[in-house]
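One structure below.
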Amino acid sequence: MKERLEQIKIDALKEISECTNEAMINNVKSKYIGKKSTFNEIMAGMASLSNEEKREVGSKSNEVRNIINEALDERIKNIKDEELNKKLESDKIDITLPSKKKKIGTLHPLTIVRQEIEDLFISMGYDVVDGPEVETDKYCFEMLNVPKDHPARDAQDSFYITDDMLLRTQTSAVQIRSMLANSEKKPFKLICPGKTYRRDDDDATHSHQFSQIEGLVVGENVSLSDLKGTLETFAKKMFGENREVRFRASYFPFTEPSYEVDVSCFKCDGKGCNICKGTGWIEILGSGIVHPNVLGNCGFDPDKYQGFAFGLGIERVASLKYGVTNIRDYFTNDYRFLKNFDRKEL
Ligand SMILES: [Zn+2]
């Protein structure tokens, strides 16, 4: 019986070492130490043995069963480790591979320039004010000293929604709203950035939709020299100390006196080219001293207060800064154009 038990041990250990999965392990277990196994038969036959033999065979059978059980446990542990290793191997991530580059959006050049101008004026103590793009005729024209029959309306031929509502032709209406809302009629400095609309023949420098920033300062003892100093600071900060600036007398219904402010052409340096239409200068903004009628319309005493105002096109400033020669590039959403304004490269 001891020899048979020894043989069972040898055969079982051999088969266990050949097992490659859990099902095979269970089969081997059942075959060698299960209920219908030779091992069990031997155990059942022990009853007929003498006490001496019982002890010997009992001891041997315990030893054999323990060895087989240990071998089964160890083999199943190894099988599981091998499976885990295989899984880890197949799921391995190669960290040396370069990652796929994700395209991150950039700020639109008009936004970059708008924020730059806002930062400059905020640093000079201005508030930034927003307002509606669909405006009433009253706020867009009448309050700005442009009555219904005024010829200046022709220059801003507009997109009307009703007889009395239109897409704003300038952000000046925001200034009117701010002055009316200023209940104590106290001095203030503000800029109003935003989109504006005028019926226009689109070309390299004109668009029916464009963005403006208008500024308005109202206070006591505000003079033309304050306006000039402010705009010179703006022009030199935005375009560099070498860019030349000139003031030309002009006319706007809401300012008196009025001025166009020009900057020397960025492309030809003042010699004359298609961008500056041969003049060497590019008009960047209109400005002037606020007309007393506008102050009076908004409840500010024109005898006590004066003010200056200015308005500029953001597209024009952006074109000067970046050398963009076609205003339509700002609105066509062409990635090849927009990617040039990646923040990292600016
Ligand atoms: Zn030029």
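The values are calculated or read from the model by the stated rules, or taken from the named source; none is laboratory data. Keep in mind the model is a prediction, meaning the values are calculated, not measured. All Cβ positions, glycine included, derive from the backbone under ideal geometry; neighbour counts span all protein chains shown. Just so you know, the surface numbers come from the protein's heavy atoms only, side chains and all, with ligands and any DNA or RNA stripped out. Shrake-Rupley method; radii C 1.70, N 1.55, O 1.52, S 1.80 Å.
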> Within region 175-193, can you find the residues that are open to solvent by less than 10 Å² (accessible area, probe 1.4 Å), over 12 Å from Cys298 (Cβ atoms) and out of contact with any Ser or Thr (no Cβ under 8 Å at 6 or more places or on another chain)?
Replying inline: Ile191
> Checking Val113 against (1) part of a helix (DSSP H, G or I); (2) open to solvent by 60 Å² or more (accessible area, probe 1.4 Å), which test does it fail?
Replying inline: (2)
> Is there any pair with a first residue in region 2-28 that is not in a helix (DSSP H, G or I) and a second that is not β-branched (Val, Ile, Thr) whose Cβ atoms are under 8 Å apart and which are 6 or more apart or on different chains, and what are they?
Replying inline: Cys19/Arg75
> Asn274 is checked against (1) within 16 Å of the ligand (Cβ to nearest atom); (2) buried (at least 16 other Cβ atoms within 10 Å of the Cβ); (3) touching a residue at least 60 places away in the same chain (Cβ under 8 Å) and fails just one. What number does that condition carry?
Replying inline: (2)
> Filtering region 255-271 down to residues that are open to solvent by less than 20 Å² (accessible area, probe 1.4 Å) and under 37 Å from the mean Cα position of the chain (by Cα), which residue is farthest from the ligand (Cβ to nearest atom)?
Replying inline: Val261
>> Considering only region 207-224, I want to know if a residue exists there that is of a type in the set (Asp, Glu) and without any contact (Cβ under 8 Å) to a residue 40 or more places away in the chain.
In response: no
> What helices (runs of 4 or more DSSP H), lying completely within region 229-346, carry at least 1 residues that are under 23 Å from Glu116 (Cα atoms)?
Replying inline: 314-322, 335-338
>> Give me the residue from region 169-211 that is touching a Leu at 6+ places or on another chain (Cβ under 7 Å) and not small (Gly, Ala, Ser) and, out of that set, farthest from Asp157 (Cα to Cα).
In response: Leu190
> Can you tell me which residues in region 277-319 are among the aromatic types (Phe, Trp, Tyr) and either touching a helix residue (DSSP H, G or I) at 6+ places or on another chain (Cβ under 7 Å) or away from the ligand (no atom under 16 Å from the Cβ) (or both)?
Replying inline: Phe300, Tyr305, Phe308, Phe310
> Can you name every residue in region 39-52 that is open to solvent by 90 Å² or more (accessible area, probe 1.4 Å) and within 15 Å of Glu3 (Cβ to Cβ)?
Replying inline: Glu41
>> Tell me the residue from Asn145, Asn85, Asn62 that is at positive phi and at pLDDT below 90, please.
In response: Asn145
> Would it be correct to say that Ile10 is at negative phi, over 60 Å from the mean Cα position of the chain (by Cα) and open to solvent by 80 Å² or more (accessible area, probe 1.4 Å)?
Replying inline: yes
>> With the requirement that a residue be open to solvent by 20 Å² or more (accessible area, probe 1.4 Å) and at pLDDT 90 or above, what does region 314-326 give you?
In response: Asn326
> Of all the residues that make up region 140-165, how many are surrounded by fewer than 15 Cβ atoms within 10 Å (Cβ to Cβ) and among the polar types (S, T, N, Q)?
Replying inline: 1
> Out of all the residues in region 133-163, which are out of contact with any helix residue (DSSP H, G or I) (no Cβ under 9 Å at 6 or more places or on another chain) and of a type in the set (Phe, Trp, Tyr)?
Replying inline: Phe159
> Restricting attention to region 190-202, and to residues there that are touching a helix residue (DSSP H, G or I) at 6+ places or on another chain (Cβ under 8 Å) and in contact (Cβ under 8 Å) with a residue 60 or more places away in the chain, which single residue is farthest from Lys277 (Cα to Cα)?
Replying inline: Leu190
>> Can you find, within region 229-254, the residue that is nearest to the ligand (Cβ to nearest atom) among those that are closer than 20 Å to Leu120 by Cβ, open to solvent by 80 Å² or more (accessible area, probe 1.4 Å) and touching a strand residue (DSSP E or B) at 6+ places or on another chain (Cβ under 9 Å)?
In response: Glu244
> Is it the case that some residue within region 296-312 is open to solvent by 30 Å² or more (accessible area, probe 1.4 Å), touching a Gly at 6+ places or on another chain (Cβ under 6 Å) and not aliphatic (A, V, I, L, M)?
Replying inline: yes
